[in-house]
1. When segment 35-56 is examined, which residues are found to be exposed (fewer than 13 other Cβ atoms within 10 Å of the Cβ) and in a loop (DSSP other than H, G, I, E, B)?
2. What are the residues in segment 75-88 that are within 23 Å of SER26 (Cα to Cα), open to solvent by 30 Å² or more (accessible area, probe 1.4 Å) and touching a residue at least 12 places away in the same chain (Cβ under 8 Å), if any?
3. Tell me which residues, restricted to segment 57-86, are among the hydrophobic types (A, V, I, L, M, F, W, C) and not in a strand (DSSP E or B).
4. Looking only at segment 57-74, which residues are in contact with a helix residue (DSSP H, G or I) (Cβ under 7 Å, 6 or more places away or on another chain) and open to solvent by less than 70 Å² (accessible area, probe 1.4 Å)?
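The values are calculated or read from the model by the stated rules, or taken from the named source; none is laboratory data. It should be emphasised that the depicted structure is a prediction, and the values quoted were computed from it without experimental measurement. Cβ atoms come from the backbone with ideal geometry, glycine included; neighbour counts cover every protein chain shown. Note: accessible area is taken over every heavy atom of the protein model, side chains too, but ligands, DNA and RNA are not part of it. Shrake-Rupley method; radii C 1.70, N 1.55, O 1.52, S 1.80 Å.
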Amino acid sequence: MAFAPQIGGHVSYGVQSPAQAGGHSSLAGVAYEAIRERLLTLDIRPGDPLNDEALARKLGFGRTPVREALKRLEVDRLVVTYPRRGTFA
């Protein structure tokens, strides 16, 4: 097994975390990918309102991972949240 150089006092053995390897280490990450895919394929159309409770039921997640995913999608500028109005694609 080859050793990677030490970075920050840690030796890397070439093993990646699930998130680094393209996998998901959390339900929020899986929800993010599922909602992102629906946005990019226009299953959710631009301007559509996004209800976290309905999305959670549809995807089979709790509301918390869906809310976290929506926050991340907002950072990616795929959704926008207006106070007291809701979240929209």
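1. So the first thing to find is which residues in segment 35-56 are exposed (fewer than 13 other Cβ atoms within 10 Å of the Cβ), and the list is 37, 40-43, 45-47, 49, 53-54.
Across segment 35-56, the qualifying residues are THR41, LEU42, ASP43, ARG45, PRO46, GLY47.
2. ASP76, LEU78
3. Passing the criteria: LEU59, PHE61, VAL66, ALA69, LEU70, LEU73, VAL75, LEU78, VAL79.
4. LEU59, PHE61, GLY62, PRO65, VAL66, ALA69, LEU70, LEU73, listed by residue number.
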